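The values are calculated or read from the model by the stated rules, or taken from the named source; none is laboratory data. A quick note: this is a predicted structure, and the numbers were derived from the prediction, not measured. Because the Cβ atoms are built from the backbone with ideal geometry, glycine has one as well, and the counts that use them run over all protein chains shown.
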Amino acid sequence: MNSTDERLGMICRIIKEKPEIGKTALMKLLYILQQVYKVPMGYNYSIHTYGPYSTEVMNDVDYAEYLDLISVEVVPYSVGYTGYRLTPKDRISEAVEKANVSLLGYEDRINEAIDFFGEKTAKELELSTTIIYAYVNNFERVKESNNINEKIVEIVKKIKPLFTEELIREEFEELEENKILEKAS
């Protein structure tokens with residue numbers, strides 16, 4: 001399931017269910033769907049300022065806007081920052097329906113991901129996905145350690161110094177408790 005139509009369908013489905021989602025939150029939900037819930041979208045991710053990032057996702061968002069499936073609006077935030085709000089347009093259902101055949105085998109996983117992560121803010125998703133990324137990409141290196149959890153917390157703290165170790169540890173424990181890290185491996 002990694003054709004452009006299928007990927008656009010997934011993007012549109014999320015935006016339809018979560019109108020006014022931002023680009024960062026969408027990027028993180030797609031990462032979670034692919035990495036944790038094994039929905040094969042074919043995106044390549046690397047670590048970036050706001051956690052796992054894929055240029056391909058941004059290209060697909062731009063393409064969805066070009067096709068008039070979604071609207072991308074610049075939104076001012078406090079302290080001079082801006083973000084993006086993605087909203088559905090009239091034709092969005094066409095893209096979702098076009099991809100539905102491919103998504104049928106993944107419905108439960110998609111629903112579970114949206115239920116568990118869908119209400120988190122972009123900042124919370126940034127932390128969750130950075131922990132998942134660090135865990136997946138460093139597990140083999142740190143698995144012999146006496147305390148894998150603390151090693152991952154240290155790695156995430158280096159990547160994301162703005163988060164406290166306590167907050168990273170709490171989120172790590174929640175992800176572990178809910179078997180998210182196990183599913184991501």
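Observations
- ASN147 meets all of the listed conditions (1) among the polar types (S, T, N, Q); (2) more than 29 Å from ILE11 (Cβ to Cβ); (3) buried (at least 16 other Cβ atoms within 10 Å of the Cβ) but one, namely (3).
- Residue ID - nearest to GLU112 (Cα to Cα), chosen from residues in region 156-185 that are of a type in the set (S, T, N, Q) and in contact with a Phe, Trp or Tyr (Cβ under 8 Å, 6 or more places away or on another chain): ASN178
- Filter result for the condition that a residue is touching a strand residue (DSSP E or B) at 6+ places or on another chain (Cβ under 6 Å), in a helix (DSSP H, G or I) and not polar (S, T, N, Q), over TYR84, TYR133, TYR106: TYR133
- Scanning region 151-185 for residues that are in contact with a helix residue (DSSP H, G or I) (Cβ under 6 Å, 6 or more places away or on another chain) and of a type in the set (Asp, Glu) yields a total of 2.
- Residue in region 42-49 that is within 29 Å of TYR77 (Cα to Cα) and crowded, with 17+ Cβ neighbours inside 10 Å present: yes
- Residue match in region 50-60 (condition: modelled with pLDDT of 95 or more, surrounded by 20 or more Cβ atoms within 10 Å (Cβ to Cβ) and more than 28 Å from PRO161 (Cβ to Cβ)): yes
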